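Engineer: Here you go, one structure.
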Amino acid sequence: MPEERSRELTLYVQSKKVVTNFYRPPASRTSQDPSLGVADYRMSARSEDASPGSADEAWFLSDDQARCLALAEELAKKRGYSIKVTDVAKASRLERLVTEHLRGVTNFPVLIGPTGQRLEGIDAFTEEALCQLMPAEMSSLRAFTYLKVRGGDLDRIREHVLGFPEVKELHLLTGDWDVFIVLEFPGTGRSKRQVLDFVTDRIRGIPEVLDTSTLVPEFSVTKFPAP
């Protein structure tokens, strides 16, 4: 197994402060902790004994940034990561100056991956981009098989091979091997022997297949979204 690496990401958001007489959060929601999640961004600076009718100061996170935060937290939970959230609008000036991750940043939110990769701006927060920052151990077993086939109807051979649910990809090659296929087996309980049994019994059972060579990884991670 590979050495365990940090699985914490840092998300910087930028809320807006407004003065309002309409919203007054309960006392339990008035914490100024900058690491709180999206549900706690509407926070008041008004004291409990302030006179009726006086205005509150509250911080609101835009819906666009809130959506990015929700998506990042959802995927992080699925892939075994955690996210520390910091609101730069409430961080001190010194903290912002010494934070190298925010040097040159003009658009928020900003997500910093465990190895320093960065997503900046609302448009960058896609499922594909987030999965790039959070590689996850695969929940299924994949194997890779080279095929040497007898000349004939390649369309028929292709349809025959793709007819197996375990075959997820097929690629035609030039060189010593004619076909490359990607196999996937649900769950992690499959053994190398079971994979090779499938190849020798099912794939090699196709009359046009002359020979196969299969690679079964010992450990796999993926940057692709989970199916």
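We did not get these values from a lab; they are worked out from the coordinates using the rules stated. From a predicted model like this one, the values you see are computed outputs, not experimental measurements. Using ideal geometry, Cβ is built from the backbone for each residue, glycine included, and neighbour counts are taken over all protein chains shown.
Engineer: Kindly flag which residue pairs out of K168/K223; K17/K84; K84/K223; K17/K77; K90/K223 have an alpha-carbon separation exceeding 23 Å in this structure.
Structural biologist: Pairs exceeding 23 Å: K17/K77; K90/K223.
Engineer: Another one. Could you calculate the contour length gain from E74 to F219, that is, 0.36 nm times the residue separation minus the distance between their Cα atoms, to one decimal place in nm?
Structural biologist: 49.7 nm
Engineer: From the Cα gyration tensor of segment 137-222, with a ≥ b ≥ c the square roots of its eigenvalues, which class applies: rounded if a/c is under 1.5, or else prolate if a/b is larger than b/c, or else oblate?
Structural biologist: Here segment 137-222 falls in the prolate category.
Engineer: Let me ask something else. Sorting L11, L133 on the 10 Å Cβ count, fewest up front, what's the list?
Structural biologist: Listing L11, L133 from fewest to most nearby Cβ atoms yields L133, L11.
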